[in-house]
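A short write-up of the structure that comes next.
The values are calculated or read from the model by the stated rules, or taken from the named source; none is laboratory data. Quantities reported herein were computed from a predicted structural model and do not represent experimental measurements. Positions of Cβ are backbone-derived with ideal geometry, glycine not excepted, and every protein chain shown enters the neighbour counts. Please note that ligands, DNA and RNA were not included when accessible areas were found on the heavy atoms of the full protein model with its side chains. Shrake-Rupley method; radii C 1.70, N 1.55, O 1.52, S 1.80 Å.
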Amino acid sequence: MSTTAPIHKNRTTTLGRISGFIASGGLFRNINLNSQIYPESRPLATITWWELGGPSGKWKEWKFDDIIKQNFTPKNVGDWFGKTWATHWFKVEIRVPTEWTGKEVHFRWNSSSEAAIYDTAGRMLQGLSTGFREEYIISRSWGGSTTPITYYIEMACNEMFGAGEGDQIAPTNNNRDFQLNRAEIAVFDRLKYKLHTDIDILNQIANQLSNDHRGYQAMFAANEMINEIQIRRDFEKASEIADAFFAQGNGQKVHTLVTMGHCHIDTAWLWPYEETIRKIARSWISQIGLMREYPEFVFTCSSAQQYEWLKEYYPDVFQQVKQFVAQGRFIPVGGTWVENDGNIPSGEAFMRQFFYGQRYFQQEFDWTCKEFWLPDTFGYSAQIPQMLQHVGITRFLTQKMSWNLVNKFPNHNFWWEGIDGSEVLVHFPPGDSYNMNATVSELLYSVNNSQDKGRANTGVYLYGVGDGGGGPTRLMIERQKRVQDVDGMPKLVFETPDYFFKQLERESSKFSKWVGELYLELHNGTYTSQAKIKWFNRKSEFFLREVEHLTTTALVTGKITGAQYSADKERVDRCWKNVLLNQFHDILPGSSIELANQVAWKVYEDTWAELVTIRKKYNDLNLGTGTTTRAIFNPLPWEASASKTEAKDSSESQINFQQLWSLWLPAVTPH
């Protein structure tokens, strides 16, 4: 009887063989499978360049039609561009060889920075991020045309985490230059890419299940694939070996991970707001491309402010986002204007986050968020469950408590009770992260690390590179497709937050309860740093309340018409949104770079200038111009020692206050 046995029987040498065969570096990098994914490449026909320059935000002053009229001069791979926060534009011409007809052709770019590729009509096609997303698909099957193709590349002189040096959160180096390392077209071998991903996943399973029969089976399969590729040159047979392994399903009781693409983009942090706008567009257009390629792919994204920026500066990308929101695949989450700080804002400001956030999602997408989404904030006030009840939200997701320095939080699923007894169902993704990479080790950790074994048999798995990395990649999705139902692994389901919480709610009667504040044992200094921003924040909250009452008083006393009121209400709304923007969880606490703080101060100054103008207008309307009379407004009209008469007057004042307030802030409830 003939038998088939692996060439290498020793585990250590076999795993070494497998790793070397797929490695991107090392001794075999020029002859292994990784080197065959892009078997042919050509330099670009021409690369020309124009410097828009800096500082950060200057890009907003230019339209694409004006940019392409500038004098572009020749440049080469290896040239350097700067300085920090500057913008550079490249015009590249591509000529695809006729011998590549029928082959998949990619454009490849690495400028040591963040970038984006545009067509000649000014439409952003995809983000380009060094180390994460360096290729753009020109054609899945080149048709043989000899007509040159022209693209424009916008290069931002910053990395994913700004432009610090050494430590990730080091101060910005404002004199950095960035090198153009690659600009080419290449043939992409999709079969070799599949085989590489297959063997990579089998290798990961073999290493993670090192003392398990299934781990040895994965190692055997990977080694047999290499035999087919190296010895017999039968690539299809090698592919069949992998497909057969991944088709061996799991049992019914296996833990389920609901996987969601995610791209946590800090609204400001190691970069200012102006750079965030471009990070959003580059990242989200890349996700739209993946949605077109993978119909099962679901992407989650918070912060109404980011959607509003996209609509203002990249309306074509916004319209594409809108299409996928309607399909239920691009999922707005959180319901807030930004992912705000969880301790410093007043209760009123916290409620306004939901008011303006939910209203925006309802108006733009006919969408109401059912979950509060705050994965990166530095602790959570005990009042939050009560506020969530007021806005009709009963679910909360975060993972930040996994960052505790001393005490490991005892649960990943629990009921959180606030100071008034209100409760909300809470989930912490058990992988303790919101930017995972779909590796086997992460998936297994998400199961083994769960603090609720026996109580909850499902969890959220958030994957994707945030902060300018562009979100999930093709590789992350391909990895999950292979192991979504494989013996030895958790079951993976591409689904939405609503789907997940409905599953969790079925198990929620078994969960523990946490009463009071969720205190984060980290970032403690943020609540004493950047006092100027904290001062501006509180004064702005008071100022907005004063102006709102002045405008509403003028309306109810007949000093202005409803149309006049609506016009000025829009101005006040914008002021509120500015203040809410600066309550982002790296601005208000004080954990951002100096430039981001300076931009935030300017936001406050502009907001105050607007509020001063509105206040003067309504003081004059309510009191009359030229009068020396002054109105005094007491927002808390009661005293503990008040007489019955005073209490009656106070009660009437409260009724009037509620009437005024109802004109301004109608209830927001999910539908």
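What to note about this one:
- Residue within the range 281-292 that is crowded, with 24+ Cβ neighbours inside 10 Å, touching an Asp or Glu at 6+ places or on another chain (Cβ under 7 Å) and farther than 30 Å from ARG17 by Cα present: yes
- Which listed residue is open to solvent by 40 Å² or more (accessible area, probe 1.4 Å), of a type outside the set (D, E, K, R) and either closer than 30 Å to SER141 by Cα or outside any strand (DSSP E or B) (or both), from THR13, THR84: THR13
- Filtered residues of the range 348-373 (kept if over 19 Å from the mean Cα position of the chain (by Cα) and within 20 Å of THR526 (Cβ to Cβ)): ALA349, PHE350
- Within the range 16-45, if we keep just the residues that are open to solvent by 20 Å² or more (accessible area, probe 1.4 Å) and of a type in the set (S, T, N, Q), the residue that is nearest to GLU154 (Cα to Cα) turns out to be SER41.
- Of all residues making up the range 324-352, the number that are in contact with a strand residue (DSSP E or B) (Cβ under 8 Å, 6 or more places away or on another chain), closer than 23 Å to THR496 by Cα and not basic (Lys, Arg): 12
- Meets criteria (over 15 Å from the mean Cα position of the chain (by Cα) and over 20 Å from HIS262 (Cα atoms)) for GLN323: no
- Residue identified as open to solvent by 30 Å² or more (accessible area, probe 1.4 Å), over 19 Å from GLN248 (Cβ atoms), at pLDDT 95 or above and hydrophobic (A, V, I, L, M, F, W, C) among ILE149, ILE231, ILE169: ILE149
- Qualifying residue in the range 355-362 (condition: basic (Lys, Arg), more than 21 Å from HIS264 (Cα to Cα), surrounded by fewer than 22 Cβ atoms within 10 Å (Cβ to Cβ) and out of contact with any strand residue (DSSP E or B) (no Cβ under 8 Å at 6 or more places or on another chain)): yes
- Here SER283 fulfils each of the conditions (1) out of contact with any Cys (no Cβ under 6 Å at 6 or more places or on another chain); (2) part of a helix (DSSP H, G or I); (3) touching a residue at least 40 places away in the same chain (Cβ under 8 Å) apart from (1).
- If you check GLU478, GLU442 for being free of Cβ contacts under 8 Å to residues at least 24 places away in the same chain, among the acidic types (Asp, Glu) and not in a loop (DSSP other than H, G, I, E, B), only one passes: GLU442.
- Residues (of a type in the set (S, T, N, Q) and open to solvent by 10 Å² or more (accessible area, probe 1.4 Å)) located in the range 392-409: THR394, SER402, ASN404, ASN407
- Qualifying positions in the range 302-319 - assigned to a helix (DSSP H, G or I), in contact (Cβ under 8 Å) with a residue 12 or more places away in the chain and more than 17 Å from PHE64 (Cα to Cα): ALA304, GLN305, GLN306, TYR307, GLU308, TRP309
- Odd one out for GLY328, checked against (1) small (Gly, Ala, Ser); (2) within 24 Å of GLY590 (Cβ to Cβ); (3) in a loop (DSSP other than H, G, I, E, B); (4) within 18 Å of the chain's Cα centre (by Cα): (2)
- Residue within the range 170-181 that is more than 21 Å from GLN480 (Cα to Cα) and more than 31 Å from the chain's Cα centre (by Cα) present: no
- Selection count, the range 25-78, where residues are under 30 Å from TYR193 (Cβ atoms) and of a type in the set (Asp, Glu): 1
- Hits in the range 365-403 - residues which are over 19 Å from HIS264 (Cα atoms) and either modelled with pLDDT under 95 or among the hydrophobic types (A, V, I, L, M, F, W, C) (or both): PHE365, TRP367, ALA382, ILE384, MET387, LEU388, VAL391, ILE393
- Test: residue in the range 46-54 that is surrounded by 14 or more Cβ atoms within 10 Å (Cβ to Cβ), in a strand (DSSP E or B) and touching an Asp or Glu at 6+ places or on another chain (Cβ under 6 Å): yes
- Taking the numbered list (1) out of contact with any Leu (no Cβ under 7 Å at 6 or more places or on another chain); (2) of a type in the set (Phe, Trp, Tyr); (3) open to solvent by 50 Å² or more (accessible area, probe 1.4 Å) in turn, TRP100 passes all entries but (3).
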